[in-house]
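Working notes for the structure below.
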Amino acid sequence: MDAICGYNRAACSPSGRATLAALLNWLDMTAALEADLQGFSQFEQHFFAGAAPEDLAGFSKDVLAGIARLFWRAAAERKPGTTFLRVFSPEAQRDGFAAPVTLVATINDDKPFLVDSTLSELGERGVKIKAVF
């Protein structure tokens, strides 16, 4: 199994946006976030700024935009003190983008070594990590 692990503490810290209590609020917020093209563009640039160029080179712009959108939405939705975790293989109809990998997406408050520990555990289980953002 190939996996992409996505984690960017700086990009995914609490943004000050209202958290969502129900699906309708989530849909409203998602529409507002998607409409904020300048904000999303800045987020996307910041999100991938620390990524290794070889990690980025293996993915199309559409896939990278889909990954950034996933974190953009999740960062707005996540309540401080909680963890966002999603493991999935992106499908165009469901996720808005498709990629031939499994994504491990996580956002949490600053916890030193959590990402390193997760990557180590996945490696011990034979999972090949293709990129870390």
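In segment 16-55, of all residues being buried (at least 16 other Cβ atoms within 10 Å of the Cβ) and at pLDDT below 85, the one that is farthest from A98 (Cα to Cα) corresponds to L20. The residue that is modelled with the lowest pLDDT, among those in segment 76-133 that are open to solvent by 70 Å² or more (accessible area, probe 1.4 Å) and of a type in the set (D, E), is D110. Whether a residue is of a type in the set (D, E, K, R) and part of a loop (DSSP other than H, G, I, E, B) was assessed, and K79 passes this test. Consider segment 82-119 and keep the residues that are touching a Gly at 6+ places or on another chain (Cβ under 8 Å) and part of a strand (DSSP E or B). The one that is farthest from F59 (Cα to Cα) is T106.
Yes/no matrix, rows are residues, columns are (1) in contact with a helix residue (DSSP H, G or I) (Cβ under 9 Å, 6 or more places away or on another chain); (2) of a type in the set (A, V, I, L, M); (3) closer than 23 Å to A49 by Cα; (4) without any contact (Cβ under 8 Å) to a residue 60 or more places away in the chain:
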| position | (1), (2), (3), (4) |
| --- | --- |
| G66 | yes, no, yes, yes |
| L70 | yes, yes, yes, no |
| A74 | no, yes, yes, no |
| E77 | yes, no, yes, yes |
| P90 | yes, no, yes, yes |
| Q93 | no, no, no, yes |
| A99 | yes, yes, yes, no |
| V104 | yes, yes, yes, no |
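A residue that is within 22 Å of A92 (Cβ to Cβ), in contact with a strand residue (DSSP E or B) (Cβ under 8 Å, 6 or more places away or on another chain) and modelled with pLDDT under 90 can be found somewhere in segment 56-69.
The values are calculated or read from the model by the stated rules, or taken from the named source; none is laboratory data. Predicted model only: the values in this text are computed from it and were never measured. So basically every Cβ, Gly included, is an ideal-geometry build from the backbone, and we count neighbours across all protein chains shown. Quick note on the areas: whole protein, heavy atoms, side chains included, nothing else; ligands and nucleic acids left out. Shrake-Rupley method; radii C 1.70, N 1.55, O 1.52, S 1.80 Å.
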